[in-house]
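Structure first, commentary second.
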Amino acid sequence: MERGIALQAREATHRYADGRVALDRVTFTVATGESVAIVGPNGAGKTTLFLRLCGVLIGARDQFSVLGLDPADPKHRKQLPQTVGVVFQNPDDQLFSATVTEDVAFGPLNLGCSEAETLARVEKSLAKVGLPDHGDRVPNKLSGGEKRRAALATALAMRPEILLLDEPSMFLDPRGRRELIALIRELSCTKLIATHDLELVLDTCSRVLLLDCGKVVADGPTVEILSDAVRMEQHGLEVPQRLQRGAG
């Protein structure tokens, strides 16, 4: 059965106030349930793309569709938190409460969930990210890896149909990274993952969008894109060690 469309960008452009063009006529489609990586050098436009998709940055209408919602439409934007979960590159951007439990509960409570339903979501989400006993901890006292897990729990508690992950493996130790990969593979929702961790991409994504200077310069199967040494070097990246070993 043909999958529906979860995300769509149509000639999407974003120019900042200083004149810098962060997105330049970006066009792509992501199917429901697909796991797609966004890779590229620093300044390629990856974070700007995410901020436009979740409605944090406002741009022109009719450039993005998120399960039929236009993030630039004020009425649609109010519905996005029920649809799109975001884990930002800096977890401090989404951890602001007195305890981890309060942070994870914030979203469900704002959706109108009952206290019992909210507590169930909090417990399940913290268990999923490996922090079942951290509910009473103060977020700013957590390690970098723990903060990243807690931020992911805040997104999972919303039970999103689409998950946007910006550098999800940053600050994680090897065991935490392995657990994150297992969790990403377990999640059935649509996933868009912006990362420099190309080994993680090999383990979690079947498709890659290569972004540079705000443009999609390549879109295709993960191994095909990441093993192209010439193209990777042209855009400030390197072929992952695993693929280099395979070629050798």
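The values are calculated or read from the model by the stated rules, or taken from the named source; none is laboratory data. Keep in mind that this is a model prediction, so the values were computed, not measured. No Cβ is skipped: glycine too gets one built from the backbone with ideal geometry, and neighbour counts run over all protein chains shown.
Numbers for the structure displayed
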| read-out | value |
| --- | --- |
| Gly33 under 19 Å from the mean Cα position of the chain (by Cα), in a loop (DSSP other than H, G, I, E, B) and either of a type in the set (Gly, Ala, Ser) or surrounded by 15 or more Cβ atoms within 10 Å (Cβ to Cβ) (or both) | yes |
| Conditions (1) surrounded by 17 or more Cβ atoms within 10 Å (Cβ to Cβ); (2) of a type in the set (Phe, Trp, Tyr); (3) under 30 Å from Asp173 (Cα atoms): number failed by Phe64 | (3) |
| Odd one out for Gly107 among (1) of a type in the set (Gly, Ala, Ser); (2) out of contact with any Lys or Arg (no Cβ under 7 Å at 6 or more places or on another chain); (3) at pLDDT 95 or above | (3) |
| Residue satisfying condition, being without any contact (Cβ under 8 Å) to a residue 40 or more places away in the chain and closer than 23 Å to Thr13 by Cβ, within set Ala218, Ala229 | Ala218 |
| Breaking point among (1) in contact (Cβ under 8 Å) with a residue 12 or more places away in the chain; (2) over 28 Å from Val39 (Cα atoms), for Phe88 | (2) |
| Number of positions in the stretch 80-100 that are buried (at least 18 other Cβ atoms within 10 Å of the Cβ) and among the aromatic types (Phe, Trp, Tyr) | 1 |
| Of all residues making up the stretch 117-134, the number that are within 26 Å of Thr190 (Cβ to Cβ), touching a Leu at 6+ places or on another chain (Cβ under 8 Å) and assigned to a loop (DSSP other than H, G, I, E, B) | 1 |
| Segments classed as strands (runs of 3 or more DSSP E), wholly inside the stretch 140-248, with at least 2 members that are at pLDDT 95 or above, β-branched (Val, Ile, Thr) and surrounded by fewer than 16 Cβ atoms within 10 Å (Cβ to Cβ) | none |
| Any pair with Cβ under 9 angstrom, 6 or more apart, that starts in the stretch 126-140 at a residue that is of a type in the set (Asp, Glu) and ends at one that is in a helix (DSSP H, G or I) | Asp133/Leu126; Asp136/Val100; Asp136/Thr101 |
| Breaking point among (1) closer than 19 Å to Met170 by Cα; (2) under 22 Å from the mean Cα position of the chain (by Cα), for Thr222 | (1) |
| Verdict on Pro74 being in contact (Cβ under 8 Å) with a residue 60 or more places away in the chain and out of contact with any strand residue (DSSP E or B) (no Cβ under 6 Å at 6 or more places or on another chain) | no |
| Residue within the stretch 38-57 that is loosely packed, with under 14 Cβ neighbours inside 10 Å and among the basic types (Lys, Arg) present | no |
| Selection count, the stretch 97-116, where residues are within 21 Å of Lys78 (Cβ to Cβ), assigned to a helix (DSSP H, G or I) and without any contact (Cβ under 8 Å) to a residue 24 or more places away in the chain | 1 |
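Residue by residue, here is whether (1) closer than 12 Å to Gln63 by Cβ; (2) among the acidic types (Asp, Glu); (3) touching a residue at least 12 places away in the same chain (Cβ under 8 Å); (4) assigned to a strand (DSSP E or B) holds:
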residue: Gln8; (1), (2), (3), (4): yes, no, yes, yes
residue: Glu11; (1), (2), (3), (4): yes, yes, yes, yes
residue: Ala22; (1), (2), (3), (4): no, no, yes, yes
residue: Thr29; (1), (2), (3), (4): no, no, yes, yes
residue: Ala37; (1), (2), (3), (4): no, no, yes, yes
